[in-house]
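Before any comments, here is the structure.
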Amino acid sequence: MSESGTHPPDGSQSGGQELNCEESLARVYEYLDGELDTGEHDAVRLHLEKCRRCYPHFDFERLFLDYVHELGSEQEARPGLKDRVLEMLEAETR
Amino acid sequence: MSVPAEQRRREFESEALVHLDALYGLALRLSGGDEPRAEDLVQEAVLKAYRAWDRFEVGTNCRAWLMTILRNTFINEFRRRKARPTPVEFEQVAERPSSEALYEADPEGRIFDHIIDDQVIAAIDGLPDEFRIAVVLSDLEGLSYQEVAELMEIPVGTVKSRLFRARKRLQAQLYDYAVEMGYLR
Ligand SMILES: [Zn+2]
């Protein structure tokens, strides 16, 4: 992992102080997933408000996560499954 | 067959089986697109739910209750399959060199309006088990890091790093698709 921004988040530092680009990018997913504590969340947000390099990167990651989330997992089951489930329930009730 | 038992079954069928597609979809994604395995999982989960039906409080979220049973059923089965855990195996999965290529080529994320959903689903299905399960639970199902950690019995830090790597791998795959489609050069 050579490029900055590709480091898995280590979540080591606690909030309050200002973060640099690398520190902010390391927290991109925790930030977007709403998994940072308030102090760290604010520290990242403060950085994003003034960094033109990080802001679009975060925006992109948000689009990506929204896209994947909207895929959802619901999928029509083949009709045979419902029949087998009904048979199973009937057998179990007997 | 006694009347109450029959009534109970009818009640279960009308309350629970409307969620069959949701259960099947989750089972299919968790199992990486393995249809027979997904169907087995659904049957096993439905049977467990039926046996526990007296403990379900009518009026609470039946779908969420069923999905929880299915997730637990899957994880238990997954653990049995992986009788000897091989954490080294997936930690060694190398980061693709193009993990940031998608962002660099398409910073505005226009690809997400063009890519075919089935291709992305195939890419998710193709992730190594531990990565895929984390993505399905977190990104498709919306579970918190803590919930994923408890379910998979791994530290929260491991959830973070699996999600990070899984998402980067997906992006690398999407980049490859986008190039194949001629959408990106
Ligand atoms: Zn920055």
Within region A:61-92, considering residues that are facing chain B (nearest Cβ under 7 Å) and farther than 30 Å from residue B:9 by Cβ, the one modelled with the lowest pLDDT: A:71
Criterion (modelled with pLDDT of 90 or more, over 26 Å from residue B:161 (Cβ atoms), more than 10 Å from every other protein chain (Cβ to nearest Cβ) and over 23 Å from the mean Cα position of the chain (by Cα)) met by exactly one of B:52, B:105: B:52
Report yes if residue A:34 is at positive phi, facing another protein chain (nearest Cβ under 8 Å) and small (Gly, Ala, Ser), otherwise no. no
Matching residues in region A:48-94 (touching a residue at least 24 places away in the same chain (Cβ under 8 Å), in a helix (DSSP H, G or I) and within 16 Å of the ligand (Cβ to nearest atom)) number 6
Has region B:23-37 got at least one residue that is more than 10 Å from every other protein chain (Cβ to nearest Cβ) and part of a helix (DSSP H, G or I)? yes
For region A:37-60, give me each residue that is within 10 Å of chain B (Cβ to nearest Cβ), surrounded by fewer than 17 Cβ atoms within 10 Å (Cβ to Cβ) and of a type outside the set (D, E, K, R). A:56
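The values are calculated or read from the model by the stated rules, or taken from the named source; none is laboratory data. No experiment lies behind these values; they were computed from the predicted model shown. Quick reminder, even Gly has a Cβ in these numbers, built from the backbone with ideal geometry, and neighbours come from all protein chains shown.
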